[in-house]
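Below is one structure, written out as structure tokens, with a few remarks after it.
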Amino acid sequence: MTPAILVTLVVLWQLVLVGYTFTLAGNAADEAARAGTAASPGARQGACQAAGTDTLSGAWGSGATVTCATGGGMVTADVTIRVPILFPGTLSFPFDVTGHAGAVEEETD
């Protein structure tokens, strides 16, 4: 019975890590989009990428990619993070989790 309990706990822990990775990707994309709207058009890309990676801790932030785009009065950000296997910072699954966010571009007078 003990091996069945241990396997169940490992599977549940892995599911928690997958869910947490989705949460981190969404939050990082939100922060990146917000930072992109507040920056001037010339500095928007750098501010967006910096804000997207600053919100991620070391294990998730090391392999994360942040892409930002502006168009149609919107600033959008996509953050892609690898899902770790059991322990963040060691091995990762061969699939990525992507968070997407957008915010209305701020106007300057």
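The values are calculated or read from the model by the stated rules, or taken from the named source; none is laboratory data. These figures come from a predicted structure and were not determined experimentally. When we count neighbours, we look across all protein chains shown, and the Cβ atoms used for this are built from the backbone with ideal geometry, even at glycine. Calculation scope for accessible area: heavy atoms of the full protein, side chains included, ligands and nucleic acids excluded. Shrake-Rupley method; radii C 1.70, N 1.55, O 1.52, S 1.80 Å.
Checking each residue in region 72-109 for being open to solvent by 70 Å² or more (accessible area, probe 1.4 Å) and hydroxyl-bearing (Ser, Thr, Tyr) picks out 90, 98, 108.
The lone criterion from (1) within 18 Å of residue 98 (Cβ to Cβ); (2) in a helix (DSSP H, G or I) left unmet by residue 56 is number (2).
Scanning region 54-71 for residues that are open to solvent by 60 Å² or more (accessible area, probe 1.4 Å) and at pLDDT 85 or above yields 54, 65, 67, 70.
Looking at residue 80, is it in contact with a Ser or Thr (Cβ under 9 Å, 6 or more places away or on another chain) and over 10 Å from residue 105 (Cα atoms)? The answer is yes for residue 80.
Rundown of residues vs (1) closer than 29 Å to residue 106 by Cβ; (2) of a type in the set (S, T, N, Q); (3) open to solvent by 90 Å² or more (accessible area, probe 1.4 Å), yes/no style:
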{"residue": "6", "(1), (2), (3)": "no, no, yes"}
{"residue": "13", "(1), (2), (3)": "no, no, yes"}
{"residue": "16", "(1), (2), (3)": "no, no, no"}
{"residue": "21", "(1), (2), (3)": "no, yes, no"}
{"residue": "28", "(1), (2), (3)": "yes, no, no"}
{"residue": "34", "(1), (2), (3)": "yes, no, yes"}
{"residue": "37", "(1), (2), (3)": "yes, yes, no"}
{"residue": "48", "(1), (2), (3)": "yes, no, no"}
{"residue": "52", "(1), (2), (3)": "yes, no, no"}
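Evaluation of residue 70 against the conditions (1) over 18 Å from the mean Cα position of the chain (by Cα); (2) assigned to a strand (DSSP E or B); (3) without any contact (Cβ under 8 Å) to a residue 24 or more places away in the chain shows that the sole unmet condition is (3).
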